[in-house]
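Okay, so here's the structure we're looking at.
Derivation of every value follows stated rules applied to the coordinates shown; laboratory data play no part. Here the structure is a predicted model, which means the values were calculated and not measured. Cβ placement follows ideal geometry from the backbone for every residue including glycine, while neighbour counts extend to all protein chains displayed.
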Amino acid sequence: MILIFGGIYQGKLSYALDKFNLTEEDVYRCHEEEPASPKGNKIIYELDKWLLALTRESIDAGEALKSFIDDNKNAIVIVNDISCGVVPVDETQRKWREAVGRSLSELSRISEETIRLFCGIPTKIK
């Protein structure tokens with residue numbers, strides 16, 4: 001697995017498509033209304049939206065992530081980092097933020113490569 005993360009609109013998907021010579025057909029786009037585990041594509045894009053769907057449905061993100069990892073061992077996973085800024089007042093938003101942070105930690109731990117994109121510039125973390 002390869003993990004690419006960074007702020008919103010930093011060029012993560014464009015970077016992945018170019019670096020790995022892939023096309024839009026290789027991309028699964030997560031939706032915040034779809035709690036089913038994404039799988040099967042070369043790129044899983046905006047995993048944070050899937051984590052929001054889980055949070056809204058009160059599904060344990062840690063347990064769901066285990067199945068996700070098993071199903072996507074060779075995928076490129078792209079996640080928006082939502083850890084910066086003011087802690088949300090809304091309980092669901094706080095739980096989502098925690099789920100994204102914990103998931104990024106686990107995905108980074110098990111990934112072969114971890115890349116952070118900031119201002120369109122990739123930095124290899126692992």
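Within the range 2-124, how many Lys pairs sit with Cα atoms under 25 Å apart, leaving out pairs fewer than 8 places apart on the same chain?
27
How many nm separate the modelled label positions at residue 118 and residue 23, each set 7 Å beyond the Cα in the direction of the Cβ?
Reported label-point gap for residue 118 and residue 23 is 3.5 nm.
Using only Cα atoms, find the angle between the long axis of helix 47-56 and the longest principal axis of the chain, and express it within 0 to 90 degrees, rounded to the nearest 10.
Value to nearest ten degrees: 10.
Taking neighbour Cβ counts within 10 Å as the exposure measure, how do 55, 123 sort from fewest upward? Mind showing how you got there, number by number?
Details: 55 23, 123 10.
Starting with the residue having the fewest Cβ neighbours, the order is 123, 55.
So what J values fall out for the range 76-84 if you push phi through Karplus, 6.51 cos²θ - 1.76 cosθ + 1.60 with θ = phi - 60°, rounded to Hz, Gly and Pro as x?
Calculated HN-Hα couplings, in order: 9, 10, 10, 10, 7, 7, 10, 7, 8 Hz.
If each residue's Cβ is checked for other Cβ atoms within 10 Å, how do 77, 87 rank with the fewest at the top? Kindly include the intermediate steps, with their values, before the conclusion.
Details: 77 25, 87 9.
With the sparsest Cβ surroundings first, the list reads 87, 77.
As a footprinting exposure proxy, order 78, 121 by other Cβ within 10 Å, with the fewest listed first.
On the way: 78 25, 121 11.
Placing the least packed residue first, the sequence is 121, 78.
Explain nothing, just the number: dipole magnitude of the range 2-124 about its Cα centre with +1 on each Lys and Arg Cβ and -1 on each Asp and Glu Cβ, in debye rounded to the nearest 20.
On the way: 16 positive and 21 negative charges, 82 e Å.
The dipole of the range 2-124 has a size of about 400 debye.
Counting each DSSP H run of 4 or more residues in the chain as -39500 (n - 2.57), what helix-only mean residue ellipticity at 222 nm follows after dividing by all residues, to the nearest 500 deg cm²/dmol? All intermediate terms of the calculation are to be shown ahead of the outcome.
On the way: 4 runs with 49 residues, N = 126.
Rounded to the nearest 500, the figure is -12000 deg cm²/dmol.
Below 12 angstrom from the Cβ of residue 57, what's the summed charge of the other residues (Lys, Arg +1; Asp, Glu -1)? Show your work: numbers first, answer last.
Details: positive: 56, 95; negative: 32, 33, 34, 60.
With Lys, Arg at +1 and Asp, Glu at -1, the net is -2.
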